[in-house]
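**Q** Before I ask anything, let me first share the structure, which is written out below as structure tokens.
The values are calculated or read from the model by the stated rules, or taken from the named source; none is laboratory data. Computed from a predicted structure; not experimentally measured. Backbone-built Cβ (ideal geometry, glycine too); neighbour counts: all protein chains shown. Quick note on the areas: whole protein, heavy atoms, side chains included, nothing else; ligands and nucleic acids left out. Shrake-Rupley method; radii C 1.70, N 1.55, O 1.52, S 1.80 Å.
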Amino acid sequence: MIKIAFAGNPNVGKSALINAIAGSKLKVGNWPGVTVEKKEAHFIHNGEEITMIDLPGVYSLSPFSLEEKITRDFIINENPDVVINVVESTNIERNLYLTMLLQELGKPMIMALNFYDEFEKLNYTLDLKRLSELTEIEIIKTSAIKKTGLSELLEKAVAIAKKGEKSREYKITFDSFIDGQYALMKEEVKKDEKFKDVLKKYSLDFVTIKTLEKDSDFLEKMKKEYGIDCEGYFRSYTEEIENRYDEEIETVLAEKRYGKIKGIIADTLKTSLKSRLDFTDKVDKIFLNRVLGLPIFFVIIAGLMTIVFNGSAPFIDWIDGFVGGFIGKYAGILMEGTPDWLNSLVVDGIIGGVGGVLTFVPLMFFLYFFLSILEESGYMTRVAFLMDKIMRKLGLNGKAFVPMVLGFGCTVPAIYATRTLEDEKSRKLTAALAPFMSCGARLPVYGLFTAAFFGAKAGLVVVSLYLFGIFTAILLGMILKRFEYFKVDNKALLIELPPYRIPSFKVIMNSTLTRTGRYLKKATSIILGILILLWGLTYFPNHGDAEKSYMASVGRVIAPVLKPTGFADRWETVAAIVPSIAAKEVVVGFMAQVLELPEEEGEEAEVTFSEDLKEQVSALGGAVKDSVSGIISFDVSSLFAAPDAEEIEEEGRGVVEATAGLWAGDPLAPLRAYSFMVFILLVVPCAVTLGAIKQEFGKEYLFKLIGIMLIVPYIASTLIFQVGRLFF
């Protein structure tokens, strides 16, 4: 098997190159023991089994960030047959710094000059032969989008791999003085028997440079694994260089590397005036403008959310009707003659559960699709800059705002998006706040209770809930940042701004389908199991009599604890919190199950299977038409509008009327309903989110967050009811 590692700065197109070469989607997982994403592709080429590994995007190979440590350790420990150093052609000067660091690892390497089509459009010229001579690396021009240079790159990588070289010595130079000291050090390392075993694993250059620049991770390994005190061994060399240049050794070496890169660039690259006044600079003058930047951002986000919700809503309704009304109906017919509990398990538990999971799919697909466009175009990175000042008040930097925005769509991708943050404390604090952004799954609950208790003011009430979630997150962030566990170092925000690009449709679709598939896989395994469990708790022990079910008993037991919140005088609302932790949408179905619905008048017309199927196909066509219409209408207000009560009643559920009867005749009914909605807004979001938190941060942190997400809604709902009742 040939193992090819792809290394490079972030956003240089490593994943796109692998996808274009392998012709398949990358398999995504996690690096062992850490939460950083691991992507790899396997395929057969000319009878050879090839594995391509997409290493995390990094700017250096210091041991300070998880991504850099993973990249460095993989290349050293896993010994790939060849490293493909992916370099962004339009930003070659910056990319060459990592190239020099990769050379110090002493592995066989090729350079892929990616985005070469864009490079040529900018009227740049590059002396490739000279660049290859100066860097001692073979260079291939590539474009993942145009699919150029891919075969040549693969063939070259395979050829190098077949040579069987596991290491290669590059000419590492700084200046005459350092080179002299460096050469002496190398000789000492070579001669000293203590380093014999070390050099079997690490290249001579790597051992020398890491010792010279006092790389803490490497020095610790030397002590621990080989019993060598490298720092003491070479201290005189390091001190001599530091005294001569009056700088820390890391600074001296970094300056020398950049100096060498400047020389290489001056010798090989010619740019034009056009390049300096390119499209990206012009657009950034508007998008990153101090006055216009934030308003433009909010317009873009409002537009994105409008398209996501308006575009996905018709498909959500269709899937809901297809699974519940069509599949459920005919499954019920097929199950006729079986015991009632089995019939109910299949129709209400399994099919109802599957329907609940599938209704999320359109929302997730739309969300991921349009977010991928923002990410691939280069705009999402700029959001971090725009929000940096605001987010610092919460003890975070601007990068944390992206997961927060995602939280309005769905908390699950918001939790995974915390991976983009530099340190663990920032990730944990962001993960603690993101669930308070009101996700789309809470809207059906708002819709039901606002339609039942607030009538024409329903829309305003929904908006107030969105704002309440943001307010709570800000307040909680200001409190949590005072605790050492969440206290984040106030580091300056350093982030690369990639050039704006027209995203590739194929790349976007691959990203969207991969993310949606991962959601579906997790949701199917977690939510479905919990929904079946809830069905059992609601069905037994009295065969569907919800009033006497185990769930009702649970509601009645918890009710006294929640009494100060105002909504706990009905066991139904208390018990609804339990399924809401599986998925918020389940609350509406749960209320329909446990409340006594008004009986529908008239008899349903008998239709054949083919007529029913034809109706479903027609409804799907209608959903497509409504989705397009919803996107074109660009009605932002619809994001916060509660579903119309008449529409819900027309669907035959009568659940609004039944819900309105929860506190019939009670003047505090709207206040109790609002308190309940706030509790649903702030309480543990859903089982899939819990799974994501556990996966990202472990079991211990999950329990801590669950504690926060139980205490905060309790306090908030209690305050709202107890203060609110003073005014009713």
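**Q** Restricting attention to helices (runs of 4 or more DSSP H) lying wholly within region 115-192, give those where 3 or more residues are more than 36 Å from the chain's Cα centre (by Cα). Don't jump to the end; show me each part of the working.
**A** Values: elements: 116-121, 128-135, 150-163, 176-191.
The qualifying helices (runs of 4 or more DSSP H) are 128-135, 150-163, 176-191.
**Q** Additional query: Taking region 8-26 as the search range and keeping residues that are of a type outside the set (A, V, I, L, M) and within 10 Å of N114 (Cβ to Cβ), which one is modelled with the highest pLDDT?
**A** From region 8-26, those of a type outside the set (A, V, I, L, M) are 8-11, 13-15, 19, 23-25; that's our starting set.
Subsequent filtering for residues that are within 10 Å of N114 (Cβ to Cβ) retains 8, 13-14.
Working: G8: 93, G13: 87, K14: 90.
So the residue we want is G8.
**Q** Suppose we filter K146, K163, K186 for residues that are open to solvent by 20 Å² or more (accessible area, probe 1.4 Å), over 24 Å from F74 (Cβ atoms), basic (K, R) and touching a residue at least 24 places away in the same chain (Cβ under 8 Å); which single one remains?
**A** Numbers: K163 fails: over 24 Å from F74 (Cβ atoms); K186 fails: touching a residue at least 24 places away in the same chain (Cβ under 8 Å).
Checking each option against the conditions leaves just K146.
**Q** Further, regarding this structure: Which pairs have Cβ atoms under 7 Å, sit 6 or more apart or on different chains, and link a residue in region 543-569 that is within 22 Å of A592 (Cβ to Cβ) and among the basic types (K, R) to one that is outside any helix (DSSP H, G or I) and open to solvent by 60 Å² or more (accessible area, probe 1.4 Å)?
**A** Here the result reads K548/N542, each pair linking region 543-569 to a residue that is outside any helix (DSSP H, G or I) and open to solvent by 60 Å² or more (accessible area, probe 1.4 Å).
**Q** Now for a different question. Would you be able to say whether some residue in region 256-268 is of a type in the set (K, R) and open to solvent by 80 Å² or more (accessible area, probe 1.4 Å)? Talk me through it step by step, then tell me what you get.
**A** Going through region 256-268, the residues of a type in the set (K, R) turn out to be 256-257, 260, 262.
So of that shortlist, the ones also open to solvent by 80 Å² or more (accessible area, probe 1.4 Å) come out as 262.
Looking for residues that are of a type in the set (K, R) and open to solvent by 80 Å² or more (accessible area, probe 1.4 Å), one finds at least one in region 256-268, hence yes.
**Q** Does N77 fit the bill of being buried (at least 20 other Cβ atoms within 10 Å of the Cβ) and under 23 Å from I18 (Cα atoms)? Spell out the reasoning first.
**A** Working: buried (at least 20 other Cβ atoms within 10 Å of the Cβ): no; under 23 Å from I18 (Cα atoms): yes.
Criteria not met by N77.
**Q** So, one more: Condition (residue is open to solvent by less than 10 Å² (accessible area, probe 1.4 Å), modelled with pLDDT of 85 or more and polar (S, T, N, Q)) applied to region 362-374: is it met by at least one residue?
**A** Within region 362-374, not a single residue is open to solvent by less than 10 Å² (accessible area, probe 1.4 Å), modelled with pLDDT of 85 or more and polar (S, T, N, Q).
**Q** For the subset of region 193-209 comprising residues that are part of a helix (DSSP H, G or I) and touching a residue at least 40 places away in the same chain (Cβ under 8 Å), which member is most open to solvent (accessible area, probe 1.4 Å)? Spell out the reasoning first.
**A** As a first pass, look at region 193-209 and keep what is part of a helix (DSSP H, G or I): 193-195, 198-201, 204-209.
With touching a residue at least 40 places away in the same chain (Cβ under 8 Å) added as a condition, the list becomes 201, 204-206, 209.
Values: K201: 68, L204: 33, D205: 10, F206: 6, I209: 1 Å².
Among those residues, the one meeting the criterion is K201.
**Q** Next question, about the same structure. Which condition number does S627 fail, the rest of (1) at pLDDT below 90; (2) not in a helix (DSSP H, G or I) being met?
**A** Against the list (1) at pLDDT below 90; (2) not in a helix (DSSP H, G or I), S627 comes up short only on (2).
**Q** Right, another one. I'd like to verify a number: residues in region 73-121 that are of a type in the set (S, T, Y) and either at pLDDT 95 or above or touching a strand residue (DSSP E or B) at 6+ places or on another chain (Cβ under 9 Å) (or both), how many? Write out each step before concluding.
**A** Step one: filter region 73-121 for residues of a type in the set (S, T, Y), giving 89-90, 97, 99, 116.
Still in the running and either at pLDDT 95 or above or touching a strand residue (DSSP E or B) at 6+ places or on another chain (Cβ under 9 Å) (or both): 89, 99, 116.
Qualifying residue count for the region: 3.
**Q** Only one of (1) surrounded by 16 or more Cβ atoms within 10 Å (Cβ to Cβ); (2) at positive phi is not met by R72, so which one is it?
**A** The single condition R72 does not satisfy is (2).
**Q** So which of L394, L342, L358 ends up being modelled with pLDDT of 80 or more, open to solvent by 10 Å² or more (accessible area, probe 1.4 Å) and more than 13 Å from the chain's Cα centre (by Cα)?
**A** L342
**Q** What do you reckon, is A431 in contact with a helix residue (DSSP H, G or I) (Cβ under 8 Å, 6 or more places away or on another chain), among the aliphatic types (A, V, I, L, M) and over 18 Å from F483 (Cβ atoms)?
**A** Working: in contact with a helix residue (DSSP H, G or I) (Cβ under 8 Å, 6 or more places away or on another chain): yes; among the aliphatic types (A, V, I, L, M): yes; over 18 Å from F483 (Cβ atoms): no.
No: the conditions fail for A431.
**Q** Assuming A673 fulfils every condition listed in (1) part of a helix (DSSP H, G or I); (2) crowded, with 19+ Cβ neighbours inside 10 Å; (3) at pLDDT below 90 apart from one, which condition is it?
**A** For A673, the exception is condition (3).
**Q** Please indicate, with yes or no, whether at least one residue in region 375-384 is within 27 Å of L467 (Cβ to Cβ), open to solvent by less than 20 Å² (accessible area, probe 1.4 Å), in contact with a Cys (Cβ under 9 Å, 6 or more places away or on another chain) and of a type outside the set (D, E, K, R).
**A** No, region 375-384 contains no residue that is within 27 Å of L467 (Cβ to Cβ), open to solvent by less than 20 Å² (accessible area, probe 1.4 Å), in contact with a Cys (Cβ under 9 Å, 6 or more places away or on another chain) and of a type outside the set (D, E, K, R).
**Q** Additional query: What number of residues within region 696-719 are open to solvent by less than 70 Å² (accessible area, probe 1.4 Å) and either without any contact (Cβ under 8 Å) to a residue 60 or more places away in the chain or of a type in the set (F, W, Y) (or both)?
**A** Looking only at region 696-719, we keep the residues that are open to solvent by less than 70 Å² (accessible area, probe 1.4 Å), and these are 696-698, 701-702, 705-709, 712-713, 716-718.
Filter once more, so that each one left must be either without any contact (Cβ under 8 Å) to a residue 60 or more places away in the chain or of a type in the set (F, W, Y) (or both): 697-698, 701-702, 706-707, 713.
Within region 696-719, residues that are open to solvent by less than 70 Å² (accessible area, probe 1.4 Å) and either without any contact (Cβ under 8 Å) to a residue 60 or more places away in the chain or of a type in the set (F, W, Y) (or both) number 7.
**Q** Here's something else I'd like to know. Please specify each residue of region 678-692 satisfying the condition of being aliphatic (A, V, I, L, M), over 18 Å from F727 (Cβ atoms) and not in a loop (DSSP other than H, G, I, E, B). Working first, answer last.
**A** Narrowing region 678-692 to residues aliphatic (A, V, I, L, M): 678, 680-684, 687-688, 690, 692.
This time we only want the ones that are over 18 Å from F727 (Cβ atoms), so: 680-684, 687-688, 690, 692.
I680, L681, L682, A687, V688, L690, A692 - these are the residues of region 678-692 that are aliphatic (A, V, I, L, M), over 18 Å from F727 (Cβ atoms) and not in a loop (DSSP other than H, G, I, E, B).
**Q** Are there any pairs with C-beta distances below 9 angstrom linking a residue in region 380-403 that is on the phi > 0 side of the Ramachandran plot to a residue that is in a loop (DSSP other than H, G, I, E, B) and open to solvent by 10 Å² or more (accessible area, probe 1.4 Å), with the two at least 6 apart or on different chains, and if so which?
**A** Close Cβ pairs satisfying both conditions: G395/K481; G395/R482; G395/F486; G395/K487; G395/V488; G395/N490.
**Q** Among (1) open to solvent by 50 Å² or more (accessible area, probe 1.4 Å); (2) basic (K, R); (3) outside any helix (DSSP H, G or I), where does K107 come up short?
**A** (1)
**Q** Let me ask something else. Looking only at residues in region 27-43 that are more than 18 Å from V82 (Cβ to Cβ) and small (G, A, S), which one is modelled with the highest pLDDT?
**A** G29
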